[in-house]
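Remarks on the structure that follows.
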Amino acid sequence: MYRFLLTPRWWGINVFVLLAIPFCVFMGSWQLSRFEDRVQAHDRADAQVSEAARSPARPLRDLLPVDQATSGATATATGRYGEQLLVPDRELAGRKGFYVLTLLRTDDGRALPVVRGWLPGRADAAKAPAAPTGEVTVTGALQASETPGDNGVSAAGGLPAGQTAAISSGSLINLVPYHVYDAWITLTTADSGMTAVPAAAPQNTGLDLKAFQNLGYTGEWFVFAGFVVFMWFRLLRREVEFLRDAEMGIAEGQQPDDGAEPAAQTPVSSPV
């Protein structure tokens with residue numbers, strides 16, 4: 001009954017199935033491992049931010065450039081506050097509000113973006129407290145420049161004057177007349193009644209869209225493996241049913257074989 005499995009056509013089907021199933025399982029397992037790696041990286045990043053917040057403050061120059069090892073570390077910088085900007089549509093503790101961002105001009109001529117705090121409601125320059133005057137030394141958690149469109153950072157343009165959607169050197173260089181550090185800090189203690197903005201984990205270490213894409217791909221590959229098995233059994237069943245029907249003489253296109261001779265037809269003579 002199953003000798004058809006040795007035919008060339010079925011050899012090709014069987015080889016395809018034997019190769020496809022391990023490949024789908026391997027790809028699904030690889031995508032699952034990628035998701036697990038991102039979960040572990042997320043846990044490590046959260047632990048790193050907590051540990052960095054407890055570590056002694058270090059000069060800004062010793063922590064640059066910002067990477068996954070220095071992101072969240074406590075940094076200090078000295079300078080004079082300059083331009084002040086607002087960063088709208090930022091949530092804190094489930095409430096919408098805005099950051100108050102002030103540029104700290106340092107002795108080397110560059111400016112360090114400093115998030116002095118968060119205020120609830122719509123971005124309004126009248127609500128933002130003025131920055132301290134004179135030379136100041138600030139202490140806060142070091143952060144990498146934001147990327148518009150990632151991790152909740154708005155990519156919207158056309159904001160009013162005095163506002164920026166992302167805290168990044170690429171965005172700020174068009175708004176201030178001097179060079180900007182490719183980094184920023186959020187003050188450990190907010191100024192003038194504002195709420196301090198907690199440090200965020202380094203980019204590409206959280207449970208973001210890419211992580212859940214890996215989880216989705218995991219499911220897809222295992223579904224593909226199951227579909228290959230299902231189609232193989234479906235083809236096998238159809239082949240077996242066809243052979244059984246053929247043995248019974250009821251296969252499509254065949255007459256039942258009951259041993260009877262078909263009746264001879266009498267020729268009809270045409271009239272003369």
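Miscellaneous remarks
- The strands (runs of 3 or more DSSP E) found wholly in the stretch 61-165 and carrying at least 3 residues that are farther than 24 Å from residue 178 by Cβ occupy 74-92, 95-105, 111-120.
- Test: residue 135 is without any contact (Cβ under 8 Å) to a residue 60 or more places away in the chain, over 22 Å from residue 175 (Cα atoms) and among the acidic types (Asp, Glu): yes
- Residue check for residue 201: at pLDDT below 90, of a type in the set (A, V, I, L, M) and surrounded by 20 or more Cβ atoms within 10 Å (Cβ to Cβ): yes
- The single condition from (1) surrounded by fewer than 16 Cβ atoms within 10 Å (Cβ to Cβ); (2) at pLDDT 90 or above; (3) over 21 Å from the mean Cα position of the chain (by Cα) that residue 12 fails is (2).
- The stretch 18-36: number of residues that are surrounded by 16 or more Cβ atoms within 10 Å (Cβ to Cβ) and among the β-branched types (Val, Ile, Thr): 1
- Number of positions in the stretch 156-183 that are polar (S, T, N, Q) and free of Cβ contacts under 8 Å to residues at least 12 places away in the same chain: 1
- Every listed requirement among (1) loosely packed, with under 15 Cβ neighbours inside 10 Å; (2) modelled with pLDDT of 95 or more is met by residue 133 save one, (2).
- Within the stretch 168-197, the set of residues being over 13 Å from residue 114 (Cα atoms) and of a type outside the set (S, T, N, Q) comprises 170, 173, 175, 176, 177, 178, 179, 193, 194.
- Selection of the stretch 136-147 for residues being at pLDDT 95 or above and in contact with a helix residue (DSSP H, G or I) (Cβ under 7 Å, 6 or more places away or on another chain) yields an empty set.
The values are calculated or read from the model by the stated rules, or taken from the named source; none is laboratory data. It should be emphasised that the depicted structure is a prediction, and the values quoted were computed from it without experimental measurement. So basically every Cβ, Gly included, is an ideal-geometry build from the backbone, and we count neighbours across all protein chains shown.
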